[in-house]
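Just below is one structure, and these are the notes that go with it.
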Amino acid sequence: MIKNYIIIAFRNIRRNLSYAFLNIFGLTLGIASCLVIFLIVRNELTYDNFAKADRICRVTLNAIDFNSNVSLAIAPAMRTDFPELTVTQVMYSDEVMTKVNNNRFREKGFAFADEHFTNIFNYDWIAGDPKTALNEPNSIVLTETLAKKYFGDKNPMGQLVNVDNQINTKVTGVIKDIPGNRSLPFSILVSFESIKSQLKNPMSQFWAIGGGFFTFILLPPHESIGQVQARTPAFLHKNWGLNPKDVRLPIQPLKDIHFDQRYINNVITPTSKDTYYALFGVALLIIITACINFINLATAQAIKRSKEVGVRKVLGAQRSQLIKQFLGETTILVMIALIFGVGLAAVFLSQAGAWLNIKIDAGQLTQPIVMGWIACLTVLVILVAGLYPAFVLSGFQPVESLKNKTGNFVRGFTLRKGLVVAQFAISQILIVGTLVVAHQMDFFENQDLGFNKDAVVSFYVPDSTKGVVLKHELLSNPGIKQVSFSSGAPSYNNNFTSLSAPDFGITKDDVTEVKFIDENYTDLFGLKMLAGQKISKTNAKDTAQNVVVNETLIHKLSIMDPRNAIGKHIKMNGQMATIIGVVQDFQSESKHKARRACILEYQANRFFMASIKLQPATMTKTIDQVNKAWSALFPDNLFEYQFLDEHIASFYTQEQKVYTAFKLFSFIAILIGCLGLYGLISFAASQRTKEIGIRKVLGASLASIIGLFSKEFILLISVAFVVAAPVGYYAMHNWLQNYAYHINIGAGIFIIAIAASIIIAGITIAYQAIKAALVNPVKSLRSE
């Protein structure tokens, strides 16, 4: 019996190749998309999936905001007051220069870590002892890729690596490459003991908070986060006399780091879990669209198979047997689509990983959990796509089937129209989502930032004492308009200080951003002065601190008119400073966060970044010349630069991933919908061949015949829009709430969505309608 079902199934597929192709192609795209999205979402939702992840936490700071960085003074104090905890401290840096023999490299992901780091985080060690690898000063641990890059097939253990021309280290361990879904990704670890003697101030002062200063703890099995958190107020008061009402140390679970958007200064910008749940929802919408195609085409094909059903019933076939037969045909189609879908996903995964900047590959398809997902998806598709058509086809009455009286039933079938509405609604929701994300991305990168980012390049200056010579070299280049030295461009926020203002009733220290800038900074970046004067060059021996502050800071002092802030005094890190100017707020971090209070101050010994404004016509040539001038001054270093607009774009890596995914998978969903629509129109055209011929004989125009096919679907598209518009608005409005600054969803987005739906459907319908209308009426009338 089963053999007979299989033979009949293949005969029907061969007899209706176009129908089978549309279903297989649609299901192939749907299955491949679902697999790729599943791996993307799984990658994101399994961030920081360490063996003891449920007991690992990060100690953070909450004063005016939530800061992932804390002073290095926290860790030693916690080891004393919380002896049951394992505590580690990390100093993380985005980049570092290494030198092996005479070869220099610029590497991403560098960190100093103490000897307790490997007791908390488990990695796959290829060489070395994790218990002792970071104990001694000048010890370095490399990832497998870097070890091969530096030493080839030689044994890396004991080899020498120079770090930043400052530390000569010895390789004491090699670990396998870090997975991409880690909140603290690194390729190099150097023992914290190597620099401990240079960190006296940060190791003792609570408010000495550097960028990349992280503290992690491992809870014992019997102790909860709540128990540790309850003891932190007394800990703060005992060690630093701090009031827990003003300052808190939230204990953050490791697995929350990637999704907690309250925090600043993370290595990887946090993103909302809802974003990935939404992406998973897109996968479901895609597979539902493919299943709707299958159902619509199968029920439309019912007319052709009605006589077959009638004959089988007359010969004694039971309805259950017919259901099994039709489900068997569906299973064969789905299995063929599954083979192609898995193959397509395997081919596409590496490209998808590159587009989305995540590590996924075809090898993950063989993992048990993924194979289980594939099995569940296959069963789901077979049942969703096959059950209803099987019941419809098997339900025909023999007499009506043999008289071919099922046509009106199929043509007027309301559920099929409802499924078409659902399909168009899904497409319109995805179009709305894609447009909203696109507009928000444009808002992130191109709307008012409070400063000028165009044609600005920034690069590191290893020795600030050579700044005068470098500045002279740069200004002599005709391709450079302006030059400024600072601790960082406006979009770099890596320095913070304590702030109080006794004259305004603010007696408790608060964390405030500080930028050390020269006299050219304001002009180069186009910062707008609201009152007072710009920062000017000062003598290193001058003890008076004159600062420029932003709007947010003076509002914090309850000063609304910038002119009234001039001459007022604030305390920075315990020292009195005079406000000499007020600058308009500018965006120093991503638009996830509201603009914060900021202080601008002249301190030449803190100028470790140079920024230059380039002449657009000669950018490439000028950068090459800058490289030569810089390298002549710093021959032991590697010149690395970054355009400011690229740095700003890096704030939104997660959003860019989402945008890319939305564009890609929305296109696939719309393509699948078009395939189904194409099949339905093809079937409708074949059923109305004689009608079209008669209309042409009676003088019907091509436009009227296209309108004949289009009017019903235009109505269905309009109904779908009524459903899609509120759903799309609600979903995207909630997504936008993750950002302090965001666009408003206007009517234009919905107009574009419905217009796009009509155009896409119109092109699909017009092709088949024109094809049917151009057939010779004589052939049309003879066709039946």
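The values are calculated or read from the model by the stated rules, or taken from the named source; none is laboratory data. Just so it is clear, the structure is predicted and the values come from calculations on it, not from any experiment. Here the Cβ is made from the backbone with ideal geometry for all residues, glycine too, and neighbour counts use every protein chain on show. For the accessible areas, the whole protein counts, side chains as well, though only heavy atoms, and no ligand, DNA or RNA atoms are used. Shrake-Rupley method; radii C 1.70, N 1.55, O 1.52, S 1.80 Å.
Evaluate the range 473-493: report whether one residue or more is in a loop (DSSP other than H, G, I, E, B), aromatic (Phe, Trp, Tyr), out of contact with any Pro (no Cβ under 7 Å at 6 or more places or on another chain) and open to solvent by 10 Å² or more (accessible area, probe 1.4 Å). There is at least one residue in the range 473-493 that is in a loop (DSSP other than H, G, I, E, B), aromatic (Phe, Trp, Tyr), out of contact with any Pro (no Cβ under 7 Å at 6 or more places or on another chain) and open to solvent by 10 Å² or more (accessible area, probe 1.4 Å). Contact map, the range 561-582: first residue without any contact (Cβ under 8 Å) to a residue 40 or more places away in the chain and closer than 21 Å to LYS528 by Cβ, second residue open to solvent by 10 Å² or more (accessible area, probe 1.4 Å) and assigned to a helix (DSSP H, G or I), Cβ cut-off under 9 Å, separation 6 or more or different chains; pairs are PRO562/GLU551.
Does GLY372 satisfy the criteria of being assigned to a helix (DSSP H, G or I), under 28 Å from SER666 (Cβ atoms) and modelled with pLDDT under 85? Spelling it out, it is not the case that GLY372 is assigned to a helix (DSSP H, G or I), under 28 Å from SER666 (Cβ atoms) and modelled with pLDDT under 85. Meeting the requirement of 2 or more residues that are polar (S, T, N, Q), the strands (runs of 3 or more DSSP E) wholly within the range 101-145 are 139-143.
What number of residues within the range 498-532 are at pLDDT below 90 and over 19 Å from LYS593 (Cα atoms)? Number of matching residues: 12.
In a residue-by-residue description of the range 26-36, the property of being open to solvent by 10 Å² or more (accessible area, probe 1.4 Å), within 22 Å of the chain's Cα centre (by Cα) and among the hydroxyl-bearing types (Ser, Thr, Tyr) applies to no position. Taken over the range 101-131, the criterion of being surrounded by 17 or more Cβ atoms within 10 Å (Cβ to Cβ), over 20 Å from VAL267 (Cβ atoms) and hydrophobic (A, V, I, L, M, F, W, C) is satisfied by ALA127 alone. Selection of first residues in the range 669-692 that are of a type in the set (D, E, K, R) and of second residues that are modelled with pLDDT of 65 or more, restricted to Cβ pairs under 9 Å at least 6 apart or on distinct chains, gives the following pairs, ordered by first then second residue: ARG688/LEU708; ARG688/PHE709; ARG688/ALA772; GLU691/LEU708. For the condition within 30 Å of VAL658 (Cα to Cα), modelled with pLDDT of 80 or more and buried (at least 18 other Cβ atoms within 10 Å of the Cβ), PHE348 does not qualify.
Scan the range 538-554 and give yes if some residue there is surrounded by 21 or more Cβ atoms within 10 Å (Cβ to Cβ), among the hydrophobic types (A, V, I, L, M, F, W, C), under 26 Å from GLY505 (Cα atoms) and modelled with pLDDT under 90, otherwise no. No; the residues of the range 538-554 include none that is surrounded by 21 or more Cβ atoms within 10 Å (Cβ to Cβ), among the hydrophobic types (A, V, I, L, M, F, W, C), under 26 Å from GLY505 (Cα atoms) and modelled with pLDDT under 90.
In the range 552-604, how many are over 37 Å from the mean Cα position of the chain (by Cα) and basic (Lys, Arg)? Summing the residues that are over 37 Å from the mean Cα position of the chain (by Cα) and basic (Lys, Arg) in the range 552-604 gives 3. Which residue out of VAL456, VAL469 is open to solvent by 10 Å² or more (accessible area, probe 1.4 Å), in contact with a helix residue (DSSP H, G or I) (Cβ under 7 Å, 6 or more places away or on another chain) and more than 30 Å from ALA385 (Cα to Cα)? VAL469 is the lone residue from the list that is open to solvent by 10 Å² or more (accessible area, probe 1.4 Å), in contact with a helix residue (DSSP H, G or I) (Cβ under 7 Å, 6 or more places away or on another chain) and more than 30 Å from ALA385 (Cα to Cα). Looking across the range 446-487, the residues that are of a type in the set (Asp, Glu) and over 12 Å from LYS613 (Cβ atoms) come down to ASP448, ASP463, GLU473.
Remark: LYS149 matches the filter, which requires a residue to be within 34 Å of the chain's Cα centre (by Cα) and under 23 Å from ASP94 (Cα atoms). Pairs meeting the criteria (first residue in the range 624-639 and closer than 15 Å to GLY467 by Cα, second residue in a helix (DSSP H, G or I) and among the acidic types (Asp, Glu), beta carbons under 6 Å, at least 6 apart or on different chains) are ALA629/GLU473.
You will find that of GLY728, GLY707, the residue that is modelled with pLDDT of 85 or more and not polar (S, T, N, Q) is GLY728 and no other.
Checked across the range 505-524, the condition of being in a strand (DSSP E or B), farther than 30 Å from ASP636 by Cβ, open to solvent by 10 Å² or more (accessible area, probe 1.4 Å) and in contact with a helix residue (DSSP H, G or I) (Cβ under 8 Å, 6 or more places away or on another chain) holds for at least one residue.
Report, by residue number, each residue of the range 587-607 that is within 21 Å of ASP645 (Cβ to Cβ) and either crowded, with 21+ Cβ neighbours inside 10 Å or in contact with a helix residue (DSSP H, G or I) (Cβ under 9 Å, 6 or more places away or on another chain) (or both). Answer for the range 587-607, where residues must be within 21 Å of ASP645 (Cβ to Cβ) and either crowded, with 21+ Cβ neighbours inside 10 Å or in contact with a helix residue (DSSP H, G or I) (Cβ under 9 Å, 6 or more places away or on another chain) (or both): GLN587, SER588, SER590, LYS591, HIS592, ARG595, CYS598. Every residue in the range 555-586 that is touching a helix residue (DSSP H, G or I) at 6+ places or on another chain (Cβ under 9 Å), in a strand (DSSP E or B) and open to solvent by 40 Å² or more (accessible area, probe 1.4 Å), please. The answer is HIS569, LYS571. Selection over the range 690-715 of residues that are part of a helix (DSSP H, G or I) and surrounded by fewer than 18 Cβ atoms within 10 Å (Cβ to Cβ) gives a count of 12. Scanning the range 65-94 for residues that are touching a Leu at 6+ places or on another chain (Cβ under 9 Å) and over 20 Å from PHE112 (Cβ atoms), we see that the one that is most open to solvent (accessible area, probe 1.4 Å) is GLU84.
Just one residue in the set LEU430, LEU435, LEU470 is at pLDDT 90 or above and in a helix (DSSP H, G or I); that residue is LEU470.
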